[in-house]
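Have a look at the structure below, then the notes.
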Amino acid sequence: MPPRTSQVRNGPQIILCRHEETALNTGQERIRGWQDIPLDPTGMTRGPGLAQDVAEHQVRVIFSSDLQRAVQTAKLIQQAIPYQVPLVPLPGLRPWDVGQMTGAVIEQVKPELIRLLKAKNEPAPGGESYAQFAQRFVDTFVKISLFARKLGRPICVVTHSRDVRAVRVLVDGGMRALLQQEPGKVLLQDEDPIEPGGHAVLQWSGGRWIWTDATDTIHNAPSSWQSGRSQLRGNDGKQSSGTAR
């Protein structure tokens, strides 16, 4: 059974997780995109550590990208929780679909990715445009954040590297910021807010979401991501603005 209300951490929280490691995360990092690859042995071995960390937050629901590396990570979390928690896979939590560039070494295709970031509305060959990705992901995440607020308890979201970066920008400045960042600042910077198998905590407080913590099962997250100052505000802005109310 779920813990009693008195045992639950105060107020709504979103435990934002990045899926565990895959074969394309190691060596020369390659674009995973929509390629439905599983966790590698390292990811499966490390997964229980992340799962135990998340279980301590006493989450009530797990939302996950429907790609298997995210679902596998979410199932490890689900298995670590000593009471029944539903797992809800959502296509809207998938990363940017860059089509024909999927599987390519990131450094080798970075100039083309930057060009597509500038173009925004131009689809990647065989994939989607950056604007389509941003709108799809934001629509999904806003709905999840509204659900978390209504539930009033911690929930878990398991997603991908670029999606985690997008959430950090949403927390800072909403949809406009996500679409107007300098090319590469969101999706292509070298520094990750969360390493594979790490998680961050979004806390609803004072009418806004606050990025309150960032952890990783092996490394400390970069200090620039631990300030706790970034906020996804809960004002009366329209959903299309990317504001999670």
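Each reported figure results from applying straightforward, stated rules to the coordinates on display, with no laboratory input. None of these values were measured; they are calculated from a predicted model. Positions of Cβ are generated from backbone atoms using ideal geometry, with glycine treated the same way; all protein chains shown enter the neighbour counts.
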(message) At R0 = 30 Å, how high is the FRET efficiency between residue 151 and residue 36 if r is their beta carbon distance? Nearest 0.05 is fine.
(response) 0.50
(message) So, R0 is 41 Å and r is the distance between the beta-carbons of residue 205 and residue 66; what FRET efficiency does that work out to, to 0.05?
(response) 0.85
(request) Would you mind computing, in nm to one decimal, how far apart the modelled labels at residue 112 and residue 139 are, each placed 7 Å from Cα along Cα→Cβ? (result) 2.7
(message) Using C-alpha positions alone, give me the convex hull volume of the range 47-135 per residue in cubic angstrom.
(response) 117
(request) Calculate the spin-label point distance for residue 87 paired with residue 29, positioning each point 7 Å from the Cα along the beta-carbon direction, and give it in nanometres. (result) 2.6
